[in-house]
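Since every read-out is calculated from the coordinates, none of them should be taken as a lab result. Treat the numbers as computed from the prediction; the structure is a model and nothing was measured. Reconstructed Cβ throughout: ideal geometry from the backbone, glycine too, with neighbour counts over all protein chains shown.
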Amino acid sequence: MASNKKGLNTICTHVGEVPDTQFKGAVSPIYMSSSYAYTDVDVKRYPRYFNTPNQEFLSKKIAVLEHTESALIFGSGMAAVSTTMFAFLSKGDHIVLQKTLYGGTFNLTQEEFDKHGIEFTIADGWDIASLKKAIKKNTKVVYIETPSNPLLTITDLKAVATLCKKRGIVSMIDNTFASPINQNPADFGINVIIHSGTKYMGGHSDICAGAVAASATDIERIWNVAKNLGGSLADFMVWMLERSMKTMAIRVKAQNKNAMKLARYLSKHDAIEKVYYPGLKSHKGHKLAKKQMKGYGGMLSFELKENYNPEKFEKNLKLIKSSMSLAGVESTMLSPAQTSHALLSKKERRKQGISDGLIRFSVGIEDTKDIVADIEQALKKA
């Protein structure tokens with residue numbers, strides 16, 4: 001496990017910098033070369049091998065932040081998810097997936113696994129009993145999300161890790177919603193941690209990337225598949241990601257604070273039917289989240305009461321943007337039924353508890369009074 005006694009902001013700012021030995025610049029130089037020497041060198045570098053200078057050094061930052069030995073950077077979150085799954089699953093193997101799952105991951109299992117002879121089961125719920133019930137003799141992987149997208153359900157990390165360890169199963173988590181600032185699954189025994197780097201790592205809605213953090217042995221296994229699938233990230237984007245991660249701890253903590261204030265405000269509002277946020281004491285997973293998270297995150301979801309039109313509400317927002325993605329410094333909202341989970345049928349969404357009127361809220365760093373004012377004026381028109 002990677003260890004570092006430095007503070008979180010110091011790690012974000014300095015770990016994983018590429019040293020500028022020639023000019024002593026304050027930021028990492030970008031190595032844009034796609035061709036490197038292979039004689040008289042310690043490392044034979046090639047972009048598709050995930051080992052250019054910028055790729056190599058930023059991976060160290062991600063590993064330290066996630067308390068793991070090693071990490072890899074990918075061209076997207078789904079590149080990270082798919083490559084990692086195929087690294088541990090072969091024909092005849094079985095994977096258990098959590099009920100509340102990112103739509104893209106769910107779609108991957110639906111459209112690709114049959115072609116490769118991989119079996120999968122979507123657990124009935126997100127609790128440990130549901131996951132345990134879904135395990136078969138040929139189960140090789142248990143894959144979870146906590147907090148989940150978009151209902152912010154919370155799963156017991158230690159219980160999942162213990163269950164998997166007893167059965168010789170690899171435990172995987174999509175840790176995107178929490179970010180390494182709020183949650184470190186490796187500390188609870190989870191084997192493989194996956195991120196959409198597009199979200200809190202990037203944080204400015206201008207980068208598409210993915211990341212995987214794990215033991216050196218597991219990363220080697222993932223790399224052996226990754227170099228064949230070719231999902232590496234170009235060095236300019238790697239450099240941008242490193243730049244963005246310098247402020248990740250500051251950004252995420254500000255978003256945590258804002259989200260808590262807004263969740264409380266919405267939970268008391270006459271126009272709101274229900275609020276999903278693990279920081280609220282009314283949330284089913286609050287006590288568990290308090291045990292395994294350092295902050296409750298910048299994501300929440302809510303449902304308007306029946307006499308309010310969700311689509312009209314979103315269209316009348318002025319400050320809060322309507323956006324397909326999340327975790328930027330700007331506040332955004334979307335309808336999961338129309339975007340992140342649109343690939344699922346209405347029946348499948350209903351099984352996951354996702355109503356057509358559910359609104360996912362990615363809280364930014366703006367002043368909360370301005371966000372509240374925007375919500376109020378949009379509600380009046382909805």
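Helix 77-88 and the longest principal axis of the Cα set of the chain meet at an angle near 60°. The peptide list 67-75, 151-159, put in order of mean Cβ contacts within 10 Å with the highest first, becomes 67-75, 151-159. Convex hull of alpha carbon positions in the stretch 1-44: directionally averaged projected area 5.1 nm².
Dividing the Cα radius of gyration of the stretch 318-382 by 2.2 N^0.38 Å, with N the residue count, gives 1.23.
Size descriptor for the stretch 248-380, Kirkwood hydrodynamic radius: 15.2 Å (Cα pairs only, one decimal). Each Cα pair under 8 Å and six or more residues apart adds its sequence gap; the mean of these over the residue count of the stretch 248-380 is a relative contact order of 28 percent. Both radii come from the Cα set of the stretch 62-221: Rg as radius of gyration, Rh as Kirkwood radius; their ratio Rg/Rh reads 0.93.
Under the combined filter of DSSP loop state and at most 14 neighbouring Cβ atoms within 10 Å, the stretch 203-272 retains these trypsin sites (Lys or Arg not before Pro): LYS268.
Axis angle, to the nearest 10 degrees, between helix 235-245 and the longest C-alpha principal axis of the chain: 50 degrees. Normalised by the number of residues in the stretch 31-164, the mean separation of alpha-carbon contacts (under 8 Å, six or more apart) gives a relative contact order of 19 percent. Dipole check for the stretch 8-245: with +1 at the C-beta of Lys and Arg, -1 at the C-beta of Asp and Glu, and the Cα centre as origin, the magnitude is about 580 Debye. Normalised by the number of residues in the chain, the mean separation of alpha-carbon contacts (under 8 Å, six or more apart) gives a relative contact order of 18 percent. Listed by chain and number, the aspartates and glutamates whose alpha-carbon sits under 14 Å from that of LYS351, ignoring those within fewer than 8 places in the same chain, are ASP124.
Applying the criteria of a DSSP loop state and at most 13 other Cβ atoms within 10 Å to the GluC sites (Glu not before Pro) of the stretch 224-324 yields GLU306.
Helix 157-167 axis versus longest C-alpha principal axis of the chain: approximately 50°, rounded to the nearest ten.
Projected over all directions and averaged, the alpha-carbon convex hull of the stretch 118-206 occupies 6.3 nm². When the C-alpha to C-alpha distance is required to be over 24 Å, the pairs from LYS137/LYS158; LYS24/LYS227; LYS5/LYS287 that qualify are LYS24/LYS227; LYS5/LYS287. Among the trypsin sites (Lys or Arg not before Pro) in the stretch 13-45, those located in a DSSP loop and surrounded by at most 11 other Cβ atoms within 10 Å of their own Cβ are LYS24, LYS44. Toward the positive end of the charge dipole of the chain, with +1 on the Cβ of Lys and Arg and -1 on the Cβ of Asp and Glu, the farthest Cα among GLN255, MET201, MET78 is that of GLN255.
When its C-alpha radius of gyration is set against 2.2 N^0.38 Å (N residues), the chain gives a value of 0.98.
For a straight C-alpha distance cut-off of 18 angstrom, the aspartates and glutamates reachable from LYS380 (same-chain residues fewer than eight places away being disregarded) are ASP270, GLU273, GLU303, GLU306, GLU311, GLU314, ASP370. Most simply put, the chain has about 55% antiparallel DSSP beta bridges, counting only bridges with both residues inside it.
Going from the residue with the fewest nearby Cβ atoms within 10 Å to the one with the most, HIS283, HIS116, HIS269 rank HIS116, HIS269, HIS283. Listed cross-link partners LYS199/LYS369; LYS165/LYS291; LYS99/LYS268 are compared with a 31 Å cut-off, the Cα-Cα value being larger for no pair.
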